[in-house]
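The values are calculated or read from the model by the stated rules, or taken from the named source; none is laboratory data. Predicted model, so just to flag it, every value in this text is computed and none were measured. Here the Cβ positions follow ideal geometry from the backbone for every residue, glycine too, while neighbour counts run over all protein chains shown. We work out accessible area using only protein heavy atoms, side chains counted, and drop any ligands, DNA or RNA first. Shrake-Rupley method; radii C 1.70, N 1.55, O 1.52, S 1.80 Å.
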Amino acid sequence: AAGALILFLRFAEDMPLRVALWYGIFHSVSAFSNAGFDLQGSYRSLIGYDESWVINLTIMALIQAGALSYVFFADIVEKRRWRGLALETRIILIMNLLMLFVGAAIFLGAEWNNTLSDVPYAERPLVAMFQSVAARTAGFASVNFGAVTNIVLFSWVAIMFVGGASGSTAGGVKLTTVGVVALAVVSTVRGQMEPQVFGRRIPTLLIFRAMAVIAIMFLAHFVSTLALTISQQLSGGDASFLALLFESMSALATVGLTTGITPFLSDAAKLVLAATMFFGRIGPLT
């Protein structure tokens, strides 16, 4: 409701009040639930509002509120101190900040003279951070992803794969899953028998479960990308392999970002994407 009110006041500057009210409510719900649907039309998402601090910050706050889960925020409100936070909350917080700033840095560096070339210098970090936040299954975009560099497309495949927190509206394999596996790798390199973090031991069973989720999602992405490639080759489509790789991960992680090729895919490819989205939403949960 707070997001809808703020967005309404900003949209009211560009459109009639009734339309602005509907836009505010719709986009607030869409951002909080990490759906990524917009009312701009023509696959523009939030292109045109890339320099608006009000819309960008509000949408980012809503996305993060939905992607970090009620349990995460409840623990922070209840404990209020770092030492009192649950281990899962700490891992989510660290992984989330790491993903946000790494993603923003990659986008800023790769797109500085590309999609960001027409954006004022002061707003470029804002646009980069917005793309990094939205890549975590929200699906909004304030730049044309059909024009971004291959560096961003490939990096975004990894960022979308991670997703948000467990128990949230986000998709992906989840921050804690990746965090647990990363801790297991570090412990193995150090020669430790089992991973430990913040003085807590992570049970081996949880590590196996995390590795299983990641392995299954990797396999699903491989199968989906292969099926897309085959269907496009049989139908004579000209989409690049990297675009199909990106599209497949966007579907699997229920992100909704696209390079613009979705409307031009074959019927078979669209069915593959539909099945991939369904598996990406239900598979890790089960």
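Residues in the range 164-201 that are part of a loop (DSSP other than H, G, I, E, B), over 26 Å from Gly139 (Cα atoms) and in contact (Cβ under 8 Å) with a residue 40 or more places away in the chain: Phe198 alone.
Evaluate the range 69-83: report whether one residue or more is open to solvent by less than 50 Å² (accessible area, probe 1.4 Å), touching a Ser or Thr at 6+ places or on another chain (Cβ under 7 Å) and in a helix (DSSP H, G or I). Yes - at least one qualifying residue is present in the range 69-83.
Evaluation of Ser132 against the conditions (1) assigned to a loop (DSSP other than H, G, I, E, B); (2) open to solvent by less than 10 Å² (accessible area, probe 1.4 Å); (3) not hydrophobic (A, V, I, L, M, F, W, C) shows that the sole unmet condition is (1).
Only one of the listed residues (Ser168, Ser142) is touching an Asp or Glu at 6+ places or on another chain (Cβ under 7 Å) and crowded, with 23+ Cβ neighbours inside 10 Å. That residue is Ser142.
Can you find even one residue in the range 221-232 that is out of contact with any Lys or Arg (no Cβ under 8 Å at 6 or more places or on another chain), surrounded by 20 or more Cβ atoms within 10 Å (Cβ to Cβ), closer than 22 Å to Ala67 by Cα and at pLDDT 95 or above? Looking through the range 221-232, at least one residue is out of contact with any Lys or Arg (no Cβ under 8 Å at 6 or more places or on another chain), surrounded by 20 or more Cβ atoms within 10 Å (Cβ to Cβ), closer than 22 Å to Ala67 by Cα and at pLDDT 95 or above. Of the residues making up the range 27-37, at least one is out of contact with any Leu (no Cβ under 6 Å at 6 or more places or on another chain), free of Cβ contacts under 8 Å to residues at least 60 places away in the same chain and open to solvent by 60 Å² or more (accessible area, probe 1.4 Å). The C-beta contact set for the range 74-91 (first residue among the acidic types (Asp, Glu), second residue open to solvent by less than 40 Å² (accessible area, probe 1.4 Å) and not in a loop (DSSP other than H, G, I, E, B), distance under 7 angstrom, 6+ apart or interchain) comprises Asp75/Thr89; Glu88/Thr176.
Name every residue in the range 136-150 that is of a type in the set (A, V, I, L, M, F, W, C) and under 16 Å from Ser33 (Cβ atoms), in order of residue number. Scanning the range 136-150 gives Ala138, Phe140. Considering the range 188-202, and only residues there that are open to solvent by 100 Å² or more (accessible area, probe 1.4 Å) and hydrophobic (A, V, I, L, M, F, W, C), the residue that is nearest to the chain's Cα centre (by Cα) turns out to be Val189.
Given Gly48, Gly66, which one is small (Gly, Ala, Ser) and open to solvent by less than 40 Å² (accessible area, probe 1.4 Å)? Spell out how you get there, then give the answer.
Working: Gly48 fails: open to solvent by less than 40 Å² (accessible area, probe 1.4 Å).
Every option except Gly66 fails the conditions.
State all residues of the range 112-129 that are in contact (Cβ under 8 Å) with a residue 40 or more places away in the chain and either in contact with a helix residue (DSSP H, G or I) (Cβ under 6 Å, 6 or more places away or on another chain) or loosely packed, with under 14 Cβ neighbours inside 10 Å (or both); if no residue qualifies, say none. Those that are in contact (Cβ under 8 Å) with a residue 40 or more places away in the chain and either in contact with a helix residue (DSSP H, G or I) (Cβ under 6 Å, 6 or more places away or on another chain) or loosely packed, with under 14 Cβ neighbours inside 10 Å (or both): Val119, Pro120, Leu126, Met129.
For the range 99-111, enumerate the residues that are closer than 30 Å to Ile202 by Cβ and either loosely packed, with under 14 Cβ neighbours inside 10 Å or of a type in the set (Gly, Ala, Ser) (or both).
Looking only at the range 99-111, we keep the residues that are closer than 30 Å to Ile202 by Cβ, and these are 99-106.
Phe101, Gly103, Ala104, Ala105 - these are the residues of the range 99-111 that are closer than 30 Å to Ile202 by Cβ and either loosely packed, with under 14 Cβ neighbours inside 10 Å or of a type in the set (Gly, Ala, Ser) (or both).
Using beta carbons and a limit of 9 Å, which pairs, at least six apart or on different chains, have the first residue in the range 42-56 and over 17 Å from Gly139 (Cβ atoms) and acidic (Asp, Glu) and the second one open to solvent by 20 Å² or more (accessible area, probe 1.4 Å) and in a loop (DSSP other than H, G, I, E, B)? What qualifies is Glu51/Pro120.
Name the residue, out of Thr276, Thr258, that is open to solvent by less than 30 Å² (accessible area, probe 1.4 Å) and not aliphatic (A, V, I, L, M). Explain how you work it out, then say what you get.
Values: Thr258 fails: open to solvent by less than 30 Å² (accessible area, probe 1.4 Å).
Sole residue among the options that is open to solvent by less than 30 Å² (accessible area, probe 1.4 Å) and not aliphatic (A, V, I, L, M): Thr276.
Applying the set (1) at pLDDT 95 or above; (2) surrounded by fewer than 19 Cβ atoms within 10 Å (Cβ to Cβ) to Leu7 leaves exactly one unmet item: (2).
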